[in-house]
Amino acid sequence: MRDAHQGTTIEQSERTTLRRRPNRGSHEIAAIHAILDEALVAHVGVVIDGSPRVMPTAHVRLGEFVYLHGARANRFLNALAQGEPACLTVTLLDGLVFARSAFHHSMNYRCVVLYGVAQAVEELEEKRAALHALVEHMAQGRGSEVRPPSEEELRTTLVVRLPITEASAKVRSGPPIDAAADQALPIWAGELPLRLSAQALRPDVNAALAVPVSAAVVARAAELGWSEGSREDGPVACCFAWMRRALIDETRAGCCATRRRASHRCLNVRGRAVALLHFIRVESARSATTATTTTRCASPATSRSATQATAKTPTTTTATPPLWCDGRPRNPDDHADANGDGRRKRRDQWSGCDAR
């Protein structure tokens, strides 16, 4: 394919000429770049040993090239580096389109199809720049927060680039396009908009040091709809992290049977943490409601008498018995068994919390 950018557009080829719904297509460089830059996953197709292969992979655009990376022994990337013709596509799903007829259901999307022959990146500085850009593509500013690749990591990583010289974009947006005869049908029709949304951050529980949350990750999460109030460092998360850490320690230190039990418990540990915090909140709310109701129902004279009696009577504090994670009271005697039965009882109590 001859390299012929005509101003702000890419010259059409036989493969990039849109024949169906050409009004939805575009060869504008800005539109193609924007879709490539927003997408996080690309699918790349290439023929290996006479059979087509399509693989999902991370990508990044730098100038007029799309860069891909992987292990140097990767068979797929080696086929690209050896000059096999390739096709790269990215798709952004913006919504589901519900029509009155099954035939006219559709999706709103933005996509790019790119054809070309890839080249291996051998120059060290270009490889470093491409790998840095791949990290920045995940979260802008993250590349300056992390340790850069070592010489050994660079040596074992294969980077290839695909020129953006034969490409087209296609976009569908808007409501369903029903047949005129279907417009009067008593069937709901419309769009269900979709977008990529970030959930609460999950810190690495295996971290050796306690460090602040990455500013680059927080900024990236905010772009994807995450808010500071949804950070997973509240009571539920703290309880979850503590319980999971205990199970990890048990798994590492125990025998094979203990490891299997601990692995099984890890599957339900977050559910137990949430259940524990929910029980505590419900009991606290119930106690507060009971106290408020009792105070409101008491007459003034009764309240005065109760207040005077309270002032004359020494205050005594009743210790709240400790609870297991499912809300059952924990027997203090379980902890004071010189024969080791207390440990067995505690383990049985813990195992009883599992949602099997």
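Miscellaneous remarks
- Residue match in segment 83-93 (condition: closer than 22 Å to E126 by Cα, touching a residue at least 40 places away in the same chain (Cβ under 8 Å) and touching a strand residue (DSSP E or B) at 6+ places or on another chain (Cβ under 6 Å)): yes
- Of the residues examined, H59 is not one that is surrounded by fewer than 16 Cβ atoms within 10 Å (Cβ to Cβ) and closer than 14 Å to L162 by Cα.
- Only a single criterion out of (1) at pLDDT 95 or above; (2) exposed (fewer than 13 other Cβ atoms within 10 Å of the Cβ); (3) not aliphatic (A, V, I, L, M) is not satisfied by Q199, namely (1).
- All positions within segment 45-70 that are in contact (Cβ under 8 Å) with a residue 60 or more places away in the chain and either aliphatic (A, V, I, L, M) or assigned to a strand (DSSP E or B) (or both): A58, V60, R61, L62, F65, V66, Y67, L68, H69, G70
- Residue in segment 36-44 that is surrounded by 14 or more Cβ atoms within 10 Å (Cβ to Cβ) and over 30 Å from L131 (Cβ atoms) present: no
- Inspection of segment 108-119 finds a residue satisfying the criterion of being part of a strand (DSSP E or B) and among the basic types (K, R).
- Of all residues in segment 8-30, those satisfying the criterion of being outside any loop (DSSP other than H, G, I, E, B) and surrounded by fewer than 16 Cβ atoms within 10 Å (Cβ to Cβ) are T9, P22, N23, R24, E28, A30.
- Annotation note: of A120, A129, the sole residue that is at pLDDT 95 or above, surrounded by 14 or more Cβ atoms within 10 Å (Cβ to Cβ), within 16 Å of R61 (Cβ to Cβ) and over 22 Å from the mean Cα position of the chain (by Cα) is A129.
The values are calculated or read from the model by the stated rules, or taken from the named source; none is laboratory data. These figures come from a predicted structure and were not determined experimentally. Every residue, glycine among them, receives a Cβ derived from its backbone with ideal geometry; neighbour counts consider all protein chains shown.
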